[in-house]
Structure formats: structure tokens, C-alpha cells
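Novice: Have a look at this one.
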């Protein structure tokens, strides 16, 4: 179904040649004399990245993007950061969508206050403002802002428009603030992995099935981590553009950096249908192209898939699950027990077995992955003439934009769904992150959305709640709905897919979207609701550091949802201190209190007072350190740190780092970082991204760590830092490592954060 090449490979006029011991002979017989280095420059990705690279060095990229996008969880903080750093107007088109906190259901006025801030900011600085319920962020960008050969940066991890010939990257807010300040996105030239698609999928197999099959093959082994996935192969021509979009958006769950696809006449027709013919151009690899790896996908062998809790890579075919139900559910429960902690939490899926089959409580088709026109049309055809029943099972569908919704109304798909008992709602990302359609306690939801991390669906383990999500394609969700909630793959339903034509109607955007790019009006006052506050002052890095370990997480992977929960907490993301109260609340509820205790000492130091008076345990720690080192409150800062094995999988939200920072965090220690974007978030908030790659930790939760000459180490580009565990009057040495930093990143850390860095530059 999916095969990973053990080596790189050449693509010679569409034919793959593995880079193995037979490679030279094969290339020679084909008349190829191109070197690997030259051939690697013939990827689509290389051409696009170099066209946006301002460094002059093809291996050290400094990228300037064509446009950017943020939603209402992130844009307030980004604009506040850029304002504090000296921004006067948006230098490139910046789209502010309102698809995450659109319900305005939590915290009184604070969500709509954010929206009004966004509109006023679009007017003041020259932005594009998409009101609530008009479109989810990625559908608007596909419809209105993508373009072949463009690069787009978004403050949402699922910023992916590769199927439209656009290289898009999801990053934390600091990277968007840099673009608003006319700075660059700095990254080493990434490797490019060819995703070779061949064959044609069965009619009942949808884009989520293909995506899950790929994710299952590449996530755990890191095959495409921080690399670019370039889709090639003869199978592409057998996929519609919306189908390709559905696969492409899920590439985020592989932890790749970005994606891009070969373009063809179908993409040309997509742009023409959206009134943007000039944004199309043909993109394809060169006649001889080298890829650093190959994921070979035979589309004809893909079957209806399901990703069980609690990760998109936990995949099975639905047939396999149904045939081995108790064994697989037992396996899933055992995996879950390692992720879910709490004395009053009991997670079980085997109790969902009814009459020998798996019963689902809820089905949802939504967002950038599920809510596309083709998905909903096919789901409507499957459900047409049936009833979803009047028992526990319920189903909701969220079209991804108002133009999509309008076309679905016109062709009758919405009528088919509603008549069967399906609830149809406006464009909204809430079901994807726990702000809508939260299941009941112990509920099991099947969703064509992007993620199924623990508690991301909205349950609160601290309150004794647990629910779970499995990811599936819209077609199999519809088939399950026909069977009143009993898990059913789409191939078991007899259906004639009508495949109606899509007609894009731009009038709703003309009538509602504020397009102010190039029309900045400095006289406009920002509308600041009571929850919108400035970032607190952050101090520069001191020569030495004393860090207290205030959380130690040994799970194999820690998601950003676990670092700062999604759901209703997102309503407080315009208030840095208010949001920080939720940090690690579902993973380590004691973290906030511990971090604040340490922060009291640092505040005392900055005020010139005695740190030991507010944190008595620090007296013995400092006494032990002073026996060997010359430290004082002038040259030694005090802060907190967390250890996690592999933090940062999932969302791009910078608050996973900034919340630690405003609570006095000064570093993370990890065996590895799950994504580049989380590491970048740490750096942009002045936090040290340390590595400790060994299994046996020299410290425990609650221990103090002393790092002498840390600032000098950053200045001198040190790869290793001598550190000491300070405990019971003794200092035990160990070594922390740090992957290379750019010159700007080093200065950001030294200055204390990106805001300070830009203030100092001014």
C-alpha cells in the first residue's frame, strides 16, 4: 500500500531510479550524466524556495513570503508583538480569519472583542479581514490567496496549499511578526522527499484514507520530519483538486516542513473557476531530479482507514479493525493508559462493542480537511434517502466556506443531509480543537478533521471527563451514519456518486470581506477589549542561570495541546497572563503553581531584593553554587524549566512557549523537539532549547540546575553547555547540548525575546 525507499532516488522522465549500488549503471543506460547535487536542484520545491530566498546562499535560506494568514486565536498576539516591535503597516497581504473563536460562547465579550480588534487592525495597518462564519482559514487561502509558485506563511500548523502549487508553512506567531517587520524566515535548505502516487483509488476511498495511510507509514520513524513532501507520479492525474487538497492538508501530521504538488490542467481549471487564471502555472520536476527519499503510494490498494485514539498515525484499515475488534481495542486502551493520567479517569473502548460491532456516538465532517465540496457531496449521496436514527448517534457537517455552502445548497446536497437528520452548520474549526461538538463523557466520535490527540475534542480529565476521537474519511463516516452509528467502511454501502460540478460564487466575499491591503490608515484606533493586554516586560538573558525543574514529562511525545490546552481556553489567548493559568493544566496541573513560586524569586532579584526571602529553598542552592562559582543577583537569573522527551507535536500555537515564558520559564530540556516550529517558538520567546539525548536523566522534578556562562556560550555558538544538578549541598555535573542557532536567533535569546530584540535594533 505504502512503501518507503531506504535510499534517495532519481526521477528520470517520470521513472524512479533508487540511489543504490545499481544506480550508476541504470543512469548510464538512460544517458543521464547529471550529478546528485545538480539533480536535487530540479525539484519543484527547490525552485520555489530559491525564488523567495534573499540570502544569496542556496543552503542557508532567508525567505520572504508572498502573503500570510492567521485566525482569531493567534492574530491578536502577533499584531501586539509586531506593534511593540515598531510595525507601522502590513508590508504584505495579511489575512485575518475568524474561524476558531467564532461562536463567541465563552468569557463574555472577549471573543467578539478580538474580532473587533482584528477588523480595526486590518483598517489601521492594511489587512484583509474575513468575518466569522465566512470561511475556515485554509479554505479562504485556497480560494483567494494561493498561487502556483507562491509561498504563504500561516500561524496555524495546517497551513498547507501544496496541491495548488503553493508552498505553505505553519509556524508560531513570532515568525509572522518577523515578516510584518520585513525580516526573514531563516532555515537551512530542507531535504525534499518525493511522494510518488500511482494508480487510481476506488470510488469509495477518500482523501483522508490516503492521508492516514501515508501518516501511518512515516510519522513514527520521522521519515519526512522537517522536510518538504513533493507529490509526483502518474496517480496525481486520477485525483481531483479538492481530493488533493484533502491529502495535502494532512501532511502536517507527518511533521514535515511543507509540501508541494506537480500541477496540471485540473489545477488550471480550479484557478479559472475561482476567477484567478493568472495564478496558475505548470509546475513539474526536471527531466532528471533527485529526491532524498521516496514514499511510494499505490492508490489502487488504499482501503477505508481509521486512526484510533490518540494520534493520526495510530492507523488501521476499518476492515482490519472490525475483524479483530477486541484485540485492537485492547491494544489502543493500553497505549492510551500511558498517555492519560488521573485517578478518576477510566478510558475504555471495549464497552463500545454492541452486538459484536463497534458503536460510535458521533460523526463530524468539518474544517479544512473534511468540509470540502467533494467530501460533502459524496457523503450526501451515501446518506441520501436514509436516516441517521433517533438513538445516541448524532452527526454534524460544517462546509468549509460560505461559497462551498452555497454551492452545496444549490445542488441539493444540504437537503439530502438535513432530511436524514444531519445537522449542518457554518464554516467553523471548533470540532477540530474542542470548541464545538464536544462528545459526552466516555463518548467515541468519528471525524473527518485533522487531529485526535488526547482531550483535544474538549473533555477535561481534571473534572473526571474523558472522550476520544478516531479520524476517518467523510465517506466512511456517512456509511456509519447509514448504519445508525455502527462502524462501517464506505465500500459496504451501495451508492451512485453523482459528482455534481462546483460553482464558486465570490459575491459573499465581495459583500463581507474587508480588503484593506495597501490602504493602511494610521488614524484608525485599535479596539482593545478588556481581555486584550500587552505582553509583560521580559528581561535579557543573564550570564549564568539557575533553573528549577517544575515539570518532568516522560511520555514519548508531548503535543502542544498538552502544553497549552485548546478548546475554550483559546478564548483567553489575547491575555498572556490569563492564558498562562492554563499551561499544562491537563498534563501536569501543579505546573503553574510551581513555576510561579520560582518566578517570585526572579522578580525579587530584578527588584534588587533578596531572592531567598521569597523562596527559602533557594538559599541553600545559592550557597552551594557560591562555594565554586562567583555568582550574584546581578549576574545570575533564576527561572523554571520543563523536561519532555519530545515536545511540540501538533499545533503551531506560540502560546505553548510564551505561556511558559510569562510564568518565568527560561528553557526547555528535551531529548528531541517534535517540530521545528515549536523550537522556533521557544527561541522567539527567549527560551533556551536545550537537548539532553541520553535516557537516564541526571535530575528529577523539583531539582535545581545551575548553568554557568550560559550567555557566553550562546554568543560563542557553543554546541555543549556544562551544567550542574544542585542538590543536598552537592553539585553533580552533566552536559546539555544545543542544535545550531542563526545569528538572529542567538541575539533574540540574549535579548530575552523577539520583542526586546526589535526594540534594541531600533
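Read the figures in this text as sums done on the coordinates, not as results from a lab. None of the values given here were measured: they were computed from a predicted structure. Because the Cβ atoms are built from the backbone with ideal geometry, glycine has one as well, and the counts that use them run over all protein chains shown.
Novice: Report, in degrees rounded to the nearest 10, the 0 to 90 angle that the Cα long axis of helix 373-383 makes with the longest principal axis of the chain.
Specialist: 60 degrees
Novice: Another question, then. Could you give the nm distance between label points at residue 619 and residue 512, where each point is 7 Å from its Cα heading toward the beta carbon?
Specialist: Using points 7 Å along Cα→Cβ, the separation is 6.3 nm.
Novice: Which percent, to the nearest 5, of DSSP beta bridges fully inside segment 305-507 are antiparallel?
Specialist: Beta bridges within segment 305-507, antiparallel portion: roughly 35 percent.
Novice: For residue 494 and residue 300, what is the calculated FRET efficiency with R₀ set at 35 Å and r taken between the beta-carbons, to the nearest 0.05?
Specialist: 0.95
Novice: Would you mind classifying segment 305-507 by shape? Square roots of the alpha carbon gyration tensor eigenvalues, ordered a ≥ b ≥ c; an a/c under 1.5 is rounded, otherwise it is prolate if a/b is larger than b/c and oblate if not.
Specialist: Prolate.
Novice: May I ask you to derive the FRET efficiency for residue 596 and residue 539 from their Cβ-Cβ distance with R0 = 22 Å, giving the value to the nearest 0.05?
Specialist: Once the sixth-power term is evaluated, E becomes 0.85.
Novice: Taking Cα pairs under 8 Å and at least six residues apart, what relative contact order does the chain come out at, in percent?
Specialist: Relative contact order, the chain: 14 percent.
Novice: Over all pairs of distinct alpha carbons, what does the Kirkwood formula give as the hydrodynamic radius of segment 514-673, in Å?
Specialist: Taking the inverse mean of 1/r over all distinct Cα pairs, segment 514-673 comes out at 17.6 Å.
Novice: Given segment 242-351, what whole percent of its Cα pairs are spread farther than 18 Å?
Specialist: Here the long-distance tail beyond 18 Å is 69 percent of all Cα pairs in segment 242-351.
Novice: Follow-up. For 297, 438, 228, what ranking results if the residue with the fewest other Cβ atoms within 10 Å of its Cβ goes first?
Specialist: Ordered from fewest to most neighbouring Cβ atoms within 10 Å, 297, 438, 228 come out as 438, 297, 228.
Novice: On to the next question. Hey, what angle do you get for helix 591-606 against the long axis of the chain, alpha-carbon based, 0 to 90 degrees rounded to 10?
Specialist: The helix 591-606 is inclined about 40 degrees to the chain.
Novice: Now a separate question. Subtracting the Cα-Cα distance from 0.36 nm times the residue separation, let me have the gained length for residue 357 to residue 732 in nm, one decimal.
Specialist: Here the answer is 129.4 nm.
Novice: Work out how far the C-alpha atoms of segment 62-186 reach from end to end along every principal axis, then list the three figures in whole Å, largest first.
Specialist: Its Cα atoms span 42, 33, 22 Å along the three principal axes.
Novice: With no solvent and one equal point scatterer per Cα, compute the Debye intensity ratio I(q)/I(0) for the chain at 0.07, 0.08 Å⁻¹ and report its log10, rounded to two decimals.
Specialist: -0.49, -0.64
Novice: OK, next. Do the sum for the chain: with -39,500 (n - 2.57) for every DSSP H run of n ≥ 4, divided by all residues, what is the mean residue ellipticity at 222 nm, to the nearest 500 deg cm²/dmol?
Specialist: -8500 deg cm²/dmol
Novice: Continuing with this model, one more query. Given segment 62-186, what percent of its DSSP beta bridges are antiparallel, to the nearest 5?
Specialist: If I count the DSSP bridges inside segment 62-186, around 20 percent turn out antiparallel.
Novice: Looking at the chain only, what percent of DSSP beta bridges run antiparallel? Nearest 5 please.
Specialist: In the chain, DSSP labels about 40 percent of beta bridges as antiparallel.
Novice: Something else now. Given 0.36 nm per residue, what is the gain on full extension from residue 409 to residue 693 after removing their alpha carbon distance, in nm?
Specialist: 96.8 nm
Novice: Another question, if that's okay. How big is the Kirkwood radius of segment 171-287, worked out from every pair of different alpha carbons and given in Å to one decimal?
Specialist: Radius from the Kirkwood sum: 15.9 Å.
Novice: Average the reciprocal distances over every distinct pair of alpha-carbons in segment 11-53, invert the result, and give the Kirkwood radius in Å.
Specialist: Hydrodynamic radius (Kirkwood, Cα only) of segment 11-53 equals 11.6 Å.
Novice: Right, next: For segment 644-762, count the residues as N, evaluate 2.2 N^0.38 Å, and divide the Cα radius of gyration by that value, please.
Specialist: Compared with the compact-globule rule of thumb, segment 644-762 sits at 1.06.
Novice: What percent do you get for the relative contact order of segment 69-201 when only Cα pairs under 8 Å and 6+ apart count?
Specialist: It comes to 27 percent, rounded to a whole number.
Novice: Express in whole angstrom the spacing between the alpha-carbon centres of segment 84-122 and segment 218-254.
Specialist: Computed from Cα coordinates, the inter-centre distance equals 31 Å.
Novice: Can you put 746, 653, 244 in order of Cβ neighbours within 10 angstrom, beginning with the fewest?
Specialist: Sorted ascending by nearby Cβ count, the order is 746, 244, 653.
Novice: Rounded to the nearest 0.05, what FRET efficiency is calculated for residue 581 and residue 30 with R0 set to 56 Å and r the Cβ-Cβ distance?
Specialist: E(calc), rounded to 0.05, equals 0.35.
Novice: Quickly work out the residue 320-to-residue 337 label distance, labels modelled 7 Å from Cα along the C-beta direction, and quote it in nm with one decimal.
Specialist: 2.3 nm
Novice: Let me ask something else. Out of every Cα-Cα pair in segment 1-111, what percent are more than 23 Å apart?
Specialist: 60 percent
Novice: Shifting gears a bit: By how many nm would the segment from residue 505 to residue 609 grow when fully extended, if each residue of separation counts as 0.36 nm and the alpha-carbon distance is taken off?
Specialist: 31.0 nm
Novice: Based on other C-beta atoms within 10 Å, arrange 123, 722 from fewest to most.
Specialist: Ordered from fewest to most neighbouring Cβ atoms within 10 Å, 123, 722 come out as 722, 123.
Novice: If you fit an axis through the alpha-carbon atoms of helix 617-626 and take the longest principal axis of the Cα set of the chain, what angle between them do you get, 0 to 90°, nearest 10?
Specialist: Helix 617-626 sits roughly 70 degrees off the main axis of the chain.
Novice: Using only alpha carbon pairs under 8 Å that are at least six residues apart, calculate the relative contact order of segment 202-285 and give it in whole percent.
Specialist: Result for segment 202-285 is 32 percent.
Novice: Another one. Classify segment 544-761 as rounded, prolate or oblate, taking a ≥ b ≥ c as the square roots of the eigenvalues of its Cα gyration tensor: rounded when a/c is under 1.5, otherwise prolate if a/b is larger than b/c and oblate if not.
Specialist: It comes out rounded by the Cα gyration axes.
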